[in-house]
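Report on the following structure.
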Amino acid sequence: MSRTWSPDGACRGTVVVLPGRGENPAVYQRFGRRLSADGYAVVVPEADTDPETWFQPGAARFLVGTDVGALRAWALALEIEVDGLILAGTPLARGQSPVDRDDEIGARTSCPVHRELLENDPEFEWGRLTEDVPEPPKQLPDVPILLLHGDADTLAPVAPVTLLAAKHPQSSLAVFKDGVHDILNDQFHRSVAARIVLFCEEIGKGAVLLPEAPAVQRTRRSAPVHISARTDYSVRALRDLIGSGSEPVKCEVIARRQGIPLNSLVNLMVELRRAGLVTSQRGCDGGYSLARPAEKITIGEVVRAVEGGVTSVHNGSPGAEVWRELGRQVSAFLDGLPLVGDR
């Protein structure tokens, strides 16, 4: 069934949304309300309806697609007249398929409100993200295009989207740090909606932002031994679970107590679960618990779970054996260092 959100006053344009795998029109209620408050009619149409009936006459026409809906919107924009095309979470390369429901919701969104909506939506189709993705069209339409993506999207890597944007003179790319796949409904949904409204205003009303003055470049040096935020967040999160015993703790609680970005934490907990360091429980009383006693978990295990290894050496290094020995020494030290302790 189609869903429409209409502005209270004059309509500045129609924004038609083509959903992704597993989604239904109700998923876009928050998005529709936000854009309608800015004067745009938002329509999530039924698949078998005539595209010409989606748009209000006399107003600007914008087509939005997310996930495989982005590929459908792309193809449709080559056939019908639109003023602008918005592609979100476009799957141009295969990423990591979710292994279960917990994995899927973590890959989709880090917004607590949207996570709860999906969990409680009886019409939401879980497991669809494992389906094959159709090939994208051979060319982009000759209209302004806005590409939206999260740099932490594990389902659709951002690199091919960046290359696509660079090849099209009328395209602009907005990549959101720590954003995941359902970028329209992720934790940065307000910023994403604002960027879409700006794009529509630029096209429909001619609003133009002048370029900023170039910033002064500053040289940044990093120390030879660098502890990544991923490792630091993971250790802090696991130590946070120690005091909770067998009671599961939600990511939102850990993030608040430890000052960790929620989106980053959600993805890290999925990796820690895959490595057998934590277990998860769904439902209102769900969350994460340590998979085994904290004294049986080493810092080395944590590092390898989220980084893949303790050290890495750039190709062609003549002193590679020195660095490999350093890696062995560091690994031995971290493997002897339990999650609990004074060090």
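The values are calculated or read from the model by the stated rules, or taken from the named source; none is laboratory data. A quick note: this is a predicted structure, and the numbers were derived from the prediction, not measured. Please note: Cβ atoms are built from the backbone with ideal geometry, for glycine as well, and neighbour counts cover all protein chains shown. The protein model used for the area step is the full one, side chains on, heavy atoms only, and it has no ligands, DNA or RNA in it. Shrake-Rupley method; radii C 1.70, N 1.55, O 1.52, S 1.80 Å.
Which of the residues that make up the range 252-292 are under 16 Å from the mean Cα position of the chain (by Cα) and either on the phi > 0 side of the Ramachandran plot or in a helix (DSSP H, G or I) (or both)? Give the steps one after another, and end with the answer.
So the first thing to find is which residues in the range 252-292 are under 16 Å from the mean Cα position of the chain (by Cα), and the list is 261-271.
Within the range 252-292, LEU262, ASN263, SER264, LEU265, VAL266, ASN267, LEU268, MET269, VAL270, GLU271 meet the criteria.
Give me the pairs, please: first residue somewhere in the range 121-135 and among the aromatic types (Phe, Trp, Tyr), second residue anywhere and outside any loop (DSSP other than H, G, I, E, B), beta-carbon distance under 7 Å, and either six or more positions apart or on two chains.
Taking only residues 6 or more apart or on different chains, the pairs are PHE124/LEU118; TRP126/ARG101; TRP126/GLU104.
Does any residue of the range 56-64 turn out to be surrounded by fewer than 20 Cβ atoms within 10 Å (Cβ to Cβ) and within 21 Å of the chain's Cα centre (by Cα)?
Filtering the range 56-64 for residues surrounded by fewer than 20 Cβ atoms within 10 Å (Cβ to Cβ) gives 56-59.
With the extra rule that they be within 21 Å of the chain's Cα centre (by Cα), the set shrinks to none.
The answer is no; no qualifying residue exists.
Condition first: in contact with an Asp or Glu (Cβ under 7 Å, 6 or more places away or on another chain), farther than 22 Å from HIS189 by Cα and either in a strand (DSSP E or B) or small (Gly, Ala, Ser) (or both). Can you find one or more residues in the range 98-117 that meet it?
no
From the list LEU198, LEU184, which residue is in contact with a Phe, Trp or Tyr (Cβ under 6 Å, 6 or more places away or on another chain) and hydrophobic (A, V, I, L, M, F, W, C)?
LEU184
Name the residues in the range 312-324 that are open to solvent by 70 Å² or more (accessible area, probe 1.4 Å) and either under 16 Å from ILE227 (Cα atoms) or modelled with pLDDT of 85 or more (or both), would you? Before you say what the answer is, go through the steps one by one.
The initial filter retains those residues of the range 312-324 that are open to solvent by 70 Å² or more (accessible area, probe 1.4 Å), namely 312, 314-316, 318, 321-324.
Hit for the range 312-324 is SER312, nothing else.
Considering (1) in a loop (DSSP other than H, G, I, E, B); (2) open to solvent by less than 40 Å² (accessible area, probe 1.4 Å); (3) out of contact with any strand residue (DSSP E or B) (no Cβ under 9 Å at 6 or more places or on another chain), say which one ILE80 fails and leave the rest.
Answer for ILE80: the failing condition is (3).
Does the range 265-297 hold any residues that are basic (Lys, Arg) and in contact with an Asp or Glu (Cβ under 9 Å, 6 or more places away or on another chain), and which are they?
Residues satisfying the conditions are ARG273, ARG274, ARG282.
Does ASP153 qualify as being out of contact with any Asp or Glu (no Cβ under 8 Å at 6 or more places or on another chain), open to solvent by 40 Å² or more (accessible area, probe 1.4 Å) and either of a type in the set (D, E, K, R) or on the phi < 0 side of the Ramachandran plot (or both)?
Details: out of contact with any Asp or Glu (no Cβ under 8 Å at 6 or more places or on another chain): yes; open to solvent by 40 Å² or more (accessible area, probe 1.4 Å): no; either of a type in the set (D, E, K, R) or on the phi < 0 side of the Ramachandran plot (or both): yes.
No.
Quick check on my filter: what residues within the range 254-278 are touching a strand residue (DSSP E or B) at 6+ places or on another chain (Cβ under 8 Å) and open to solvent by 10 Å² or more (accessible area, probe 1.4 Å)?
Scanning the range 254-278 gives a single hit, ARG273.
The conditions are (1) buried (at least 23 other Cβ atoms within 10 Å of the Cβ); (2) modelled with pLDDT of 95 or more; (3) in a helix (DSSP H, G or I), and ALA75 fails exactly one of them. Which is it?
Unmet for ALA75, out of (1) buried (at least 23 other Cβ atoms within 10 Å of the Cβ); (2) modelled with pLDDT of 95 or more; (3) in a helix (DSSP H, G or I): (1).
Based on this model, can you work out whether VAL175 counts as at pLDDT 90 or above, closer than 18 Å to LEU87 by Cα, open to solvent by less than 30 Å² (accessible area, probe 1.4 Å) and touching a helix residue (DSSP H, G or I) at 6+ places or on another chain (Cβ under 9 Å)?
Numbers: at pLDDT 90 or above: yes; closer than 18 Å to LEU87 by Cα: yes; open to solvent by less than 30 Å² (accessible area, probe 1.4 Å): no; touching a helix residue (DSSP H, G or I) at 6+ places or on another chain (Cβ under 9 Å): yes.
The answer is no for VAL175.
Scan the range 38-55 residue by residue and report those that are open to solvent by 50 Å² or more (accessible area, probe 1.4 Å), within 26 Å of the chain's Cα centre (by Cα) and either more than 13 Å from ILE196 (Cβ to Cβ) or polar (S, T, N, Q) (or both).
Residues of the range 38-55 that are open to solvent by 50 Å² or more (accessible area, probe 1.4 Å), as a first pass: 38, 46-48, 50, 52-53.
In the following step, the residues that additionally are within 26 Å of the chain's Cα centre (by Cα) were identified as 38, 46-47.
Those that are open to solvent by 50 Å² or more (accessible area, probe 1.4 Å), within 26 Å of the chain's Cα centre (by Cα) and either more than 13 Å from ILE196 (Cβ to Cβ) or polar (S, T, N, Q) (or both): GLU46, ALA47.
Can we say ARG94 is among the charged types (D, E, K, R), closer than 25 Å to PHE62 by Cα and loosely packed, with under 14 Cβ neighbours inside 10 Å?
Working: among the charged types (D, E, K, R): yes; closer than 25 Å to PHE62 by Cα: no; loosely packed, with under 14 Cβ neighbours inside 10 Å: yes.
Here the answer is no, as ARG94 does not meet what is asked.
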